[in-house]
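Q: Quick one: the structure is below, questions incoming.
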Amino acid sequence: MSKKILVCGGGGFIGGHLVKRLKSEGYWVRVCDLKRNEFSPSPADEFIVGDLTDPVICREVVKDIEDVYQLAADMGGAGYIFTGNNDAAVMYNSATINLNVAEASRLAGVKKIFYSSSACMYPEYNQLDPDNPKCSEDSAYPAAPDSEYGWEKLFSERLYLAYNRNHGIQVRIARFHNIFGEEGTWMGGKEKAPAAMCRKVASADEGGTMEIWGDGKQTRSFLHVQDCCDAVRQLMDSDFSGPVNIGSEEMITINDLAKLVMEIGNKPLSIKNIPGPTGVRGRNSDNALIREKLGWEPKLNLRQGLERTYPWIAEQIVKQLETVE
Ligand code: NAD
Ligand code: GDD
């Protein structure tokens with residue numbers, strides 16, 4: 001009998017890819033999510049559409065489960081988490097999910113929990129210089145994340161670590177740095193920069209203009225979801241509990257990201273930098289710890305990841321236009 005696994009948030013982007021990975025490795029997988037996957041059917045053995053802020057649902061979905069992957073969260077890109085308008089919802093929804101999942105897992109005798117934290121938990125004071133951000137795992141404290149989303153992630157990291165200390169549940173914690181790829185949110189306000197750039201380029205008229213929030217000199221690094229799933233699985237099967245960065249060290253300015261997408265789409269456009277929610281000035285993954293502990297490195301560089309993502313988003317735009325007609 002294969003190990004029984006629960007993926008909380010398996011109806012979302014990373015969770016959906018992870019469910020496919022776990023099924024291909026032969027595990028029995030249950031998903032709990034508010035919604036089903038939008039872009040392809042889930043291969044999960046059981047898919048429970050349910051709200052993890054409800055403790056009763058949580059107690060149901062953890063029954064007979066050995067390992068939990070906890071990816072459910074109220075999340076989005078800069079347009080969602082940096083406007084300030086969603087702060088209370090993000091904190092209430094995500095903290096409640098994590099409190100419920102941790103306690104239900106304890107009651108059900110779950111052995112191991114993976115928790116998806118975020119680079120947004122790192123202090124803003126180390127991310128003011130776009131050319132030289134610091135995001136090593138040991139730089140987390142004194143804590144000063146720039147968003148309530150980041151504060152909730154930090155709280156929940158501590159929650160799972162406390163369950164480990166007091167109740168012996170094994171935990172594995174990853175701090176994801178901007179994950180992108182096919183089947184990720186690409187429109188609607190929750191999309192992150194890579195998907196937004198692909199959408200803007202693919203839908204622009206030849207020789208047109210593309211709007212970018214901020215001065216475009218802010219920096220980030222982006223990791224393809226395939227590499228993210230490799231790292232999560234390696235971390236979960238290792239003896240190392242983290243917290244550990246899962247990201248790319250290939251830092252780029254947002255204007256250069258836009259230019260790279262234009263190259264891939266073969267569509268030169270002029271860039272117009274406009275005011276918008278920008279978040280920290282600079283962010284880059286520091287992979288020294290994951291390299292040392294797991295020997296993990298991303299396999300795809302940014303261009304290779306975008307060469308997979310851009311055509312997928314261009315196809316979604318065509319599909320959407322066909323439904324409107
Ligand atoms: P996503 O929004 O695609 O997936 C999250 C899923 O959680 C969604 O399907 C959503 O419906 C589900 N969910 C939300 N509230 C729920 C509830 N009350 N009950 C049940 N399900 C609920 O996001 P993602 O990009 O796949 O992110 C997965 C995890 O990784 C999240 O915890 C996110 O904070 C974290 N993370 C992601 C990134 C990134 O760049 N994508 C970066 C850092 C951290
Ligand atoms: N989303 C988006 N859309 N961002 C844009 C756009 C646009 O049209 N134009 C410029 N940007 C800029 C943002 O202003 C920000 O400075 C940068 O691109 C990156 O934005 P996002 O990709 O949306 O988010 P982020 O990197 O600030 O934060 C993301 O990564 C974290 C982990 O590193 C979010 O997804 C967080 O939820 C995640 O935890």
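The values are calculated or read from the model by the stated rules, or taken from the named source; none is laboratory data. From a predicted model like this one, the values you see are computed outputs, not experimental measurements. Every residue, glycine as well, gets a Cβ built from its backbone with ideal geometry; the counts of neighbours run over all protein chains shown. Note: accessible area is taken over every heavy atom of the protein model, side chains too, but ligands, DNA and RNA are not part of it. Shrake-Rupley method; radii C 1.70, N 1.55, O 1.52, S 1.80 Å.
Q: Accessible area per residue for the chain in Å², computed with a 1.4 Å probe and the full protein assembly in place, what is it?
A: Dividing the accessible area of the chain by its residue count gives 43 Å².
Q: Do any GluC sites (Glu not before Pro) in the range 8-98 lie in a DSSP loop with no more than 13 other beta carbon atoms within 10 Å, and if so, which?
A: 25, 38
Q: Next question. Using a 1.4 Å probe on the protein chains only, how many percent of the accessible area of the range 258-325 belongs to carbon and sulfur?
A: C and S fraction of accessible area: 51 percent.
Q: With unit charges on the beta carbons (Lys and Arg positive, Asp and Glu negative) and the dipole taken about the Cα centre of the range 44-107, which residue among 62, 91, 105 sits farthest to the positive side?
A: 91
Q: By a straight-distance test (C-alpha under 17 Å), which lysines pair with residue 192 as possible cross-link partners, with residues fewer than eight away in the same chain excluded?
A: Reachable lysines: 200, 217, 259.
Q: Give the percent of DSSP beta bridges with both residues in the chain that are antiparallel, rounded to the nearest 5.
A: So the antiparallel bridges amount to about 5 percent of the total.
Q: Determine the share of the range 1-61's accessible area contributed by carbon and sulfur atoms, expressed in whole percent, with a 1.4 angstrom probe.
A: Exposed carbon and sulfur together represent 53 percent of the surface.
Q: Among the trypsin sites (Lys or Arg not before Pro) within the range 18-60, which fall in a DSSP loop and have no more than 14 other Cβ atoms within 10 Å of their own Cβ?
A: Sites meeting the loop and neighbour criteria: 35, 36.
Q: Report the trypsin sites (Lys or Arg not before Pro) located in the range 218-291 that are in a DSSP loop and have at most 11 other Cβ atoms inside 10 Å of their Cβ, or state none.
A: none
Q: If you don't mind, another one. Can you tell me how the range 1-74 classifies by the Cα gyration tensor, rounded, prolate or oblate, using a/c under 1.5 as the rounded cut?
A: Oblate is the answer for the range 1-74, as a/c is 1.5 or above yet b/c matches or exceeds a/b.
Q: Which FRET efficiency value, to the nearest 0.05, is calculated for residue 60 and residue 170 with the Förster distance at 25 angstrom and r the Cβ-Cβ distance?
A: E between residue 60 and residue 170, to the nearest 0.05, is 0.65.
Q: Let me ask you something else. Determine the shape class of the range 37-94: with a ≥ b ≥ c the square roots of the Cα gyration tensor eigenvalues, call it rounded for a/c under 1.5, and otherwise prolate if a/b is greater than b/c, oblate otherwise.
A: Oblate shape, in that a/c is at least 1.5 and b/c is the bigger or equal ratio.
Q: How far, in nm, would the chain grow between residue 132 and residue 293 when pulled straight, counting 0.36 nm per residue and subtracting the alpha carbon separation? Intermediate values should be presented prior to the final figure.
A: Details: separation 161, 0.36 × 161 = 57.96 nm, distance 2.41 nm.
Length gained, residue 132 through residue 293: 55.5 nm.
Q: Out of residues 5 or more away from residue 179 or on other chains, whose amide H comes under 5 Å of its own, with H placed 1.01 Å from N in the peptide plane?
A: Amide H neighbours of residue 179, under 5 Å, 5+ apart: 223.
Q: Next question, about the same structure. Where in the chain are the helices, taken as whole DSSP H runs, whose Cα atoms extend 20 angstrom or more along the long axis and whose Kyte-Doolittle mean reaches at least 0.0?
A: 87-108
Q: Can you pull the percent of the range 123-219's accessible area that's carbon plus sulfur, 1.4 Å probe, other chains left in place?
A: After summing per-atom areas, the C and S share lands at 47 percent.
Q: At 0.36 nm per residue, and after removing the present C-alpha to C-alpha distance, how many nm does the segment from residue 215 to residue 34 gain when stretched out fully?
A: Going from the current span to full extension adds 61.5 nm.
Q: Taking the Cα centre of the chain as origin, sum charge times position over the Cβ atoms of Lys and Arg (+1) and Asp and Glu (-1), and report the length of that vector in debye to the nearest 20.
A: That gives the chain a dipole magnitude of about 500 debye.
Q: Count of lysine pairs in the range 1-137 with Cα atoms under 17 Å apart, counting only pairs 8 or more residues apart in sequence or on different chains?
A: 13
Q: When we measure straight from the Cα of residue 272, which aspartates and glutamates land under 16 angstrom away, once same-chain ones fewer than 8 places off are left out?
A: 205, 206, 211, 215, 256
Q: Mind jotting down the distance between the C-alpha centroids of the range 195-255 and the range 1-48, whole Å?
A: Each part's Cα centre sits 23 Å from the other's.
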